[in-house]
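The values are calculated or read from the model by the stated rules, or taken from the named source; none is laboratory data. Remember, predicted model here, so these are calculated numbers, not experimental data. Because the Cβ atoms are built from the backbone with ideal geometry, glycine has one as well, and the counts that use them run over all protein chains shown. Please note that ligands, DNA and RNA were not included when accessible areas were found on the heavy atoms of the full protein model with its side chains. Shrake-Rupley method; radii C 1.70, N 1.55, O 1.52, S 1.80 Å.
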Amino acid sequence: MSCPRCGGPVRPPDLMHSESRCPDCGPVAPLHVPENIGADIVASVVDRITAGADPPRRPVAPLWCPWPLPPGWTLTGVAWAGDDHTGVRATALSCAGPEPLSGGPADLVFVAEEPGVGLGSRLAGVAGPDPGPQLAEALDDPGPGHPGHVGRAGVRAAGHPTPLWLVSSLTDRSAYAGEARGMWLHAIAWPAGAGHLLAEDVELHDLTEWTPSELVYGAPSPYLHGKA
């Protein structure tokens with residue numbers, strides 16, 4: 001269990017505080033990342049996401065997965081943020097495969113989260129819990145090769161066109177952000193050139209609705225386990 005905003009330790013609720021707390025970030029939705037990945041792990045996480053709080057207080061958070069996976073890519077991790085008091089407030093899924101330009105190794109993480117969780121921003125390497133300021137900048141900046149050019153990835157989430165805007169990030173990665181099903185949707189790619197994968201037709205499927213038995217699993221993602 002760790003802080004979604006900084007990756008540090010989290011204290012569970014106690015007699016003094018009803019929320020989980022990070023010593024540096026204050027009240028947070030603690031992040032849970034299984035050590036391994038496989039069909040049984042995905043099923044367990046899906047059960048946790050769909051169980052929600054008791055009683056349910058919010059819609060089920062989607063667990064977005066590219067499906068079908070790009071050729072040569074594998075599923076490398078899942079995670080969720082929340083606790084028994086709040087229910088699941090964010091999910092993350094990672095996959096890995098050949099980078100579209102060089103063919104070298106690449107990683108891609110998709111995050112769905114409620115406002116204020118901060119996991120997507122941490123993985124992108126940007127300040128603040130939400131991408132709102134970065135999105136405003138992206139929409140105002142004509143970008144390279146103007147006029148009117150804005151870096152955008154046109155994925156489809158659950159069959160619906162879902163634009164993701166290129167936002168400022170650390171130089172070793174590329175990060176996109178947008179909205180789907182009333183939650184922030186982030187896509188973060190390592191290395192930066194792997195973001196070109198999102199320029200293709202990427203279909204995102206919600207694993208909480210159906211988990212394909214044909215999913216292929218790979219080594220656990222280092223980025224979900226603290227490298228980012």
Item checked: Where only alpha carbons of the range 10-71 are counted, the Rg and the Dmax (Å) -> 15.3, 51
Checklist line | Positive-end residue of SER102, VAL46, VAL33, charge dipole of the chain with Cβ unit charges | finding: VAL33
Notebook entry, point to check: Which whole-number percent of Cα pairs in the chain have a distance greater than 29 Å?
Noted result: 22
Note to self: Between ARG48 and SER168, what is the label-point separation in nm under the 7 Å Cα-to-beta-carbon projection?
What the structure shows: 3.3
Check: How much length, in nm to one decimal, is gained on full extension between ARG156 and GLU200, taken as 0.36 nm per residue of separation minus their Cα-Cα distance?
Finding: 14.8 nm
Next item on the list: Using a 1.4 angstrom probe on heavy atoms only, work out the carbon and sulfur share of the accessible area of the chain in %.
Entry: 55
Check: Once the range 1-120 is represented by equal point scatterers at the alpha-carbon sites, with solvent omitted, what log10 I(q)/I(0) does the Debye formula produce at q = 0.13 Å⁻¹?
Finding: -0.55
Margin query: Only four residue types carry charge here, +1 at the Cβ of Lys and Arg and -1 at the Cβ of Asp and Glu. Report the dipole size of the chain about the Cα centre in Debye, rounded to the nearest 20.
Written below: 240
Check: What is the packing order of peptides 58-70, 180-192, taking the mean over residues of other C-beta atoms within 10 Å and listing the highest first?
Finding: 180-192, 58-70
Checklist line | ALA136 paired with LEU15, simple spin-label distance in nm, labels 7 Å along Cα-to-beta-carbon | finding: 4.4
